[in-house]
């Protein structure tokens, strides 16, 4: 009898050892209910109870469990969770909220994950969360209160509140090598027709506002609405890209060591490859590649910036879905995951995640799990095991 049981155990172990590893790439995304008119279109009715939450979903297109929800945590449906950002060592996730003066902090080293909610009373319409190079500070932009909240990267205590030179701060990035941070002036949350044209310049060591940079042409028909700013890692001299949401363009701001100021210049017309409403930017391939999403056209664009970052060369564009917004990049270098939804605006809340082959810039598969439930993702990251920060 003992020999028979031993033989069965050995056979079972042999099967486990010989079994191929299950394909797996896990993504985390916060979601909310689609607007009633979209629910009607999807034939889901218009009386579903409003929902918000954070889900972990299998995103490997080769997995038998592709699209399966593995973990789901509800959030207050009135707060409107907006973005999820990882700190540099990917031990904590930070969640911003549009409709509540809160900041969510998730400890990624503990299982199961739990979220602590911090009060940020000076923040209305929380947007981006960016970190200093050494992770000693975080910065939360507040588009509805013209403020940037500065917090301690270790204790998460609020240190200071920066009042920006221009209204509607949204995008933010910092280069500690030159002691400077840049803040975009985007749009009014209560009136999207009101928009900015400038970046506020902040001295990073003191949090003092010391200047501004215009990122649109004089005499332009309307405001450019710069939405994101992102420094190219290790660029020399330091150079950042700016996406102009209404200007439908890509601009650069380059540090001038002689004047100790930034020189701004037009870099690319996003209409050329069919893009409209540029939003997010990401770096890859040792910072020689730039990816840009355009929401209204529902596209992901690839640029070669290796030869001359001031003159990005368009390589290829792939159609993903209405509201193409955030992108998650896997460390393995095989896939790009595009979250297709932009704050539930008409025509820009497809509700899917598009898996794109990184080498060929071709669509591999769409994840429709949330859309099929009348939900739409608002941002996306991969769990730390797979997540490439891509310059963020």
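Things worth noting here:
- Of the listed requirements (1) more than 22 Å from residue 176 (Cα to Cα); (2) without any contact (Cβ under 8 Å) to a residue 60 or more places away in the chain; (3) part of a strand (DSSP E or B), residue 210 misses just one: (1).
- Of the strands (runs of 3 or more DSSP E) lying entirely inside segment 257-317, those carrying at least 3 residues that are crowded, with 21+ Cβ neighbours inside 10 Å, within 20 Å of the chain's Cα centre (by Cα) and without any contact (Cβ under 8 Å) to a residue 60 or more places away in the chain are 289-294, 299-304.
- Residues in segment 85-123 that are free of Cβ contacts under 8 Å to residues at least 24 places away in the same chain, touching a strand residue (DSSP E or B) at 6+ places or on another chain (Cβ under 7 Å) and in a loop (DSSP other than H, G, I, E, B): 114 alone.
- Residue that is surrounded by the most Cβ atoms within 10 Å (Cβ to Cβ) [pool: residues in segment 132-156 that are without any contact (Cβ under 8 Å) to a residue 40 or more places away in the chain and either touching a helix residue (DSSP H, G or I) at 6+ places or on another chain (Cβ under 8 Å) or in a loop (DSSP other than H, G, I, E, B) (or both)]: 145
- Among the residues of segment 345-382, those that are in a loop (DSSP other than H, G, I, E, B) and surrounded by 18 or more Cβ atoms within 10 Å (Cβ to Cβ) comprise 348, 349, 350, 351, 358, 369, 370, 374.
- Among the residues listed as 239, 230, 250, the single one being closer than 16 Å to residue 297 by Cβ and touching a residue at least 24 places away in the same chain (Cβ under 8 Å): 250
- Test: residue in segment 165-174 that is on the phi > 0 side of the Ramachandran plot and surrounded by 21 or more Cβ atoms within 10 Å (Cβ to Cβ): yes
Here is a yes/no grid of residues against (1) farther than 25 Å from residue 232 by Cβ; (2) modelled with pLDDT under 95:
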position	(1), (2)
110	yes, yes
122	yes, no
133	no, yes
169	no, no
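The values are calculated or read from the model by the stated rules, or taken from the named source; none is laboratory data. In this text the structure is predicted, and so the values were computed from the model without any measurement. Quick reminder, even Gly has a Cβ in these numbers, built from the backbone with ideal geometry, and neighbours come from all protein chains shown.
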